[in-house]
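Novice: The structure under discussion is supplied below as structure tokens; questions concerning it will follow.
The values are calculated or read from the model by the stated rules, or taken from the named source; none is laboratory data. Quick caveat: nothing in here was measured; it's all calculated off a predicted structure. A quick note on method: Cβ atoms are made from the backbone with ideal geometry, for glycine too, and the neighbour counts reach across all protein chains shown.
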Amino acid sequence: MADESATTTYSIPEPFDEAARSMRRVLGEAGLKITGELDLSGRLRRRLLVDTPPCLVLFAGPSTPVLDGPAGHPGAAALAPLHIVISARGSKTEIHVLRITPPPDDEREASAMAVLVRFRAQLAQAIEKIGMRAVLRG
């Protein structure tokens with residue numbers, strides 16, 4: 001397992017700006033909510049005067065409050081929102097999402113992880129739509 005990446009990486013045949021717009025759109029279409037954004041390349045340019053390829057982090061979660069409240073899963077809330085890293089790779093774009101480990105033996109934690117696994121599946125379907133749209137246009 002040590003050789004396995006901690007993230008799942010998707011290669012999208014779209015330039016960065018178009019892929020970022022597409023990502024925002026498909027998240028909304030899937031009923032997922034962007035709770036924040038961080039422009040890493042812009043921050044590096046402003047703070048350190050270092051030019052890097054475009055890189056953006058989107059913080060995303062379910063648009064319904066399944067992760068908090070008395071009926072929710074506080075264990076899942078600790079891992080949400082998920083961080084989606086969008087980075088330029090020449091004329092293509094890579095999207096990186098943290099892998100979710102299998103549910104632990106503890107029943108309460110397993111329930112919380114199941115919520116995250118379902119959310120992660122929704123996210124994967126949304127990202128795959130971007131790739132399919134780009135391929136069909138090309």
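Novice: Can you find, within the range 19-38, the residue that is nearest to E128 (Cα to Cα) among those that are touching a residue at least 60 places away in the same chain (Cβ under 8 Å) and exposed (fewer than 15 other Cβ atoms within 10 Å of the Cβ)? So that I can check it myself, show each step before the final result.
Specialist: Filtering the range 19-38 down to residues touching a residue at least 60 places away in the same chain (Cβ under 8 Å) leaves 19-20, 22-23, 26-27, 29-32.
Add one more test, that the residue is exposed (fewer than 15 other Cβ atoms within 10 Å of the Cβ), and what stays is 29, 31.
On the way: E29: 13, G31: 15 Å.
Ranking the qualifying residues of the range 19-38, first place goes to E29.
Quick grid of which residues meet (1) modelled with pLDDT of 60 or more; (2) surrounded by 14 or more Cβ atoms within 10 Å (Cβ to Cβ):
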| position | (1), (2) |
| --- | --- |
| R47 | yes, no |
| V50 | yes, no |
| P53 | yes, no |
| H73 | no, yes |
| A76 | no, yes |
| I84 | yes, yes |
| S87 | yes, yes |
| K92 | yes, yes |
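Novice: Kindly provide the set of residues from the range 94-138 that are among the basic types (K, R) and modelled with pLDDT under 70, ordered by number. Spell out the reasoning first.
Specialist: Keep residues of the range 94-138 that are among the basic types (K, R), which gives 99, 108, 118, 120, 129, 133, 137.
Those that are among the basic types (K, R) and modelled with pLDDT under 70: R108, R133, R137.
Novice: While we're on this one: With the checklist (1) touching a strand residue (DSSP E or B) at 6+ places or on another chain (Cβ under 9 Å); (2) not in a strand (DSSP E or B) in hand, flag the one item V50 doesn't pass.
Specialist: Only one criterion is unmet by V50, namely (1).
Novice: Return the residues of the range 6-21 that are out of contact with any helix residue (DSSP H, G or I) (no Cβ under 7 Å at 6 or more places or on another chain) and acidic (D, E); say none if nothing qualifies. Walk me through how you get there before you give the answer.
Specialist: Of the residues in the range 6-21, the ones out of contact with any helix residue (DSSP H, G or I) (no Cβ under 7 Å at 6 or more places or on another chain) are 6-9, 11, 15-18, 20-21.
Within the range 6-21, D17, E18 qualify.
Novice: Quickly run through the range 1-55 and pick out the residues that are among the small types (G, A, S) and within 14 Å of K92 (Cα to Cα). Quick ask: steps written out before the conclusion?
Specialist: Restricting attention to the range 1-55, the residues satisfying the condition of being among the small types (G, A, S) are 2, 5-6, 11, 19-20, 22, 28, 30-31, 36, 41-42.
Within the range 1-55, S11, A19, A20, S22 meet the criteria.
Novice: Right, something else. Does E14 satisfy the criteria of being out of contact with any Gly (no Cβ under 8 Å at 6 or more places or on another chain), acidic (D, E), at pLDDT 65 or above and crowded, with 17+ Cβ neighbours inside 10 Å? Break it down stepwise before answering.
Specialist: On the way: out of contact with any Gly (no Cβ under 8 Å at 6 or more places or on another chain): yes; acidic (D, E): yes; at pLDDT 65 or above: yes; crowded, with 17+ Cβ neighbours inside 10 Å: yes.
Yes: the conditions hold for E14.
Novice: Another question, then. State yes or no: is T9 among the polar types (S, T, N, Q), modelled with pLDDT of 85 or more and surrounded by 14 or more Cβ atoms within 10 Å (Cβ to Cβ)? Outline the logic, then answer.
Specialist: Working: among the polar types (S, T, N, Q): yes; modelled with pLDDT of 85 or more: yes; surrounded by 14 or more Cβ atoms within 10 Å (Cβ to Cβ): no.
So T9 does not fit the description; no.
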